[in-house]
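Trainee: Please find one structure pasted underneath; my questions will follow.
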Ligand SMILES: Cc1cc2nc3c(=O)[nH]c(=O)nc-3n(C[C@H](O)[C@H](O)[C@H](O)COP(=O)(O)OP(=O)(O)OC[C@H]3O[C@@H](n4cnc5c(N)ncnc54)[C@H](O)[C@@H]3O)c2cc1C
């Protein structure tokens, strides 16, 4: 027979994010009601705003099946308006990635459309991956996002795009290494959504512009204009004036020296050049 054991208490479970949300269907339903009341109408305008944190946060429920995507679409359509329509579009991405995976199960590991990449390996690449995982790349928005991931087991979609582009393109490290780290920490970690979004960003997937590289400084200025997201997750930078919060290396010498925060680990233009050369070789 099978002997049951008591579930361990939350504080005895190690190696998971300290701020995981509560699970289960009733929590999911509470979240839907609250979001429909307070967030949905503005979703289309606020979904990319990092500091506003105004997306639905329903992903873990959709992953575990404690909410049904079909029901959400029906409720969104009944509610109506641009916010609800935008949410339905995002749910369609979820379906799309599932369908791609169902048609080609190998793409959970293999490139969907290979680019002949010879990803960086070896000691320097491993050290770069470690800095990325720990949120000490020296690029504030990247570090904020990587720290949010560990703490909450969740990361904002815009931040997922930026951190994945940084690893796979700027650092030119195999997307599978990043995807594995995400799967470990994400409470919504999901083979279809995670692997195929990673491939989309790495340019080995279904993106029709596979060689675009997101610039973390330009993106941070656009999607975290007041630096609220960075200040929340990178307390070392919380006291900086707005114009330095995304580029602390521009601080005057003495102030820079007093800051306990790393220099940028790579020159962005050099990273882009290396990536483009790699892609040219792979043709
Ligand atoms: C590199 C990378 C890895 C990702 N890994 C995962 C993952 O493991 N699991 C996961 O559920 N999502 C993943 N996503 C997609 C997206 O980032 C999350 O679904 C979203 O951030 C979850 O937050 P939310 O529920 O507040 O989203 P909302 O913006 O409120 O969207 C509502 C729902 O639509 C779906 N959705 C939204 N955007 C996407 C998208 N781009 N692709 C597929 N479905 C989407 C999700 O089910 C989400 O819960 C990943 C995206 C990237 C760029």
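Trainee: Above 34 angstrom, tally the Cα pairs of the chain and express them as a % of all pairs, no decimals.
Mentor: The proportion of pairs with Cα distances above 34 Å equals 24 percent.
Trainee: With 10 angstrom as the radius, rank 229, 223, 172 by how many other C-beta atoms surround their C-beta, starting from the fewest.
Mentor: Neighbour counts put them in this order, fewest first: 223, 172, 229.
Trainee: Return P(r) of the stretch 86-227 (all Cα-Cα pairs; 5 Å bins starting at 0; whole %; ordered from short to long distances).
Mentor: Result, from short to long distances: 2, 10, 20, 23, 22, 15, 6, 2, 0 percent.
Trainee: Within a 10 angstrom radius of the beta carbon, how do 250, 169, 30, 115 rank from fewest other beta carbons to most?
Mentor: 250, 30, 115, 169
Trainee: Continuing with this model, one more query. Using only Cα atoms, find the angle between the long axis of helix 268-282 and the longest principal axis of the chain, and express it within 0 to 90 degrees, rounded to the nearest 10.
Mentor: 80
Trainee: Related question: Based only on other Cβ atoms within 10 Å, what is the fewest-to-most ordering of 44, 117?
Mentor: 44, 117
Trainee: Okay, next question. Once the mean 1/r over all distinct Cα pairs of the stretch 190-283 is inverted, what Kirkwood radius in angstroms do you read off?
Mentor: Kirkwood radius, the stretch 190-283: 15.8 Å.
Trainee: Report, in deg cm²/dmol and to the nearest 500, the calculated mean residue ellipticity at 222 nm for the chain, where each DSSP H run with n ≥ 4 adds -39500 (n - 2.57) and the sum is divided by the residue count.
Mentor: Theoretical 222 nm ellipticity from helices: -15500 deg cm²/dmol.
Trainee: Roughly how tilted is helix 123-134, in degrees to the nearest 10 and between 0 and 90, from the longest Cα axis of the chain?
Mentor: Once rounded, one gets 50 degrees.
Trainee: Same structure again: Based on the alpha-carbon gyration tensor of the stretch 41-170 and its eigenvalue square roots a ≥ b ≥ c, which shape applies: rounded if a/c is under 1.5, prolate if not and a/b is larger than b/c, or oblate?
Mentor: oblate
Trainee: Hey, rough spin-label estimate for residue 232 and residue 10, points 7 angstrom out along Cα→Cβ, what's it come to in nanometres?
Mentor: Modelled inter-label distance: 1.9 nm.
Trainee: Students often check this: by mean Cβ neighbours within 10 Å, which of 271-283, 75-87 ranks highest, and how do the rest follow?
Mentor: 75-87, 271-283
Trainee: Put a dot 7 Å past each Cα toward the Cβ at residue 94 and residue 78; how far apart are the dots in nm?
Mentor: For the pair residue 78/residue 94, the computed spacing is 1.7 nm.
Trainee: Cα axis of helix 25-38 to longest principal axis of the chain: angle in degrees, 0 to 90, nearest 10?
Mentor: 70
Trainee: I need the fraction of alpha carbon pairs in the stretch 54-100 separated by more than 17 Å, rounded to a whole percent.
Mentor: Counting pairs separated by more than 17 Å, the tail of P(r) holds 30 percent.
Computed from the coordinates by the stated procedures, all read-outs in this text should not be read as laboratory data. Treat the numbers as computed from the prediction; the structure is a model and nothing was measured. Reconstructed Cβ throughout: ideal geometry from the backbone, glycine too, with neighbour counts over all protein chains shown.
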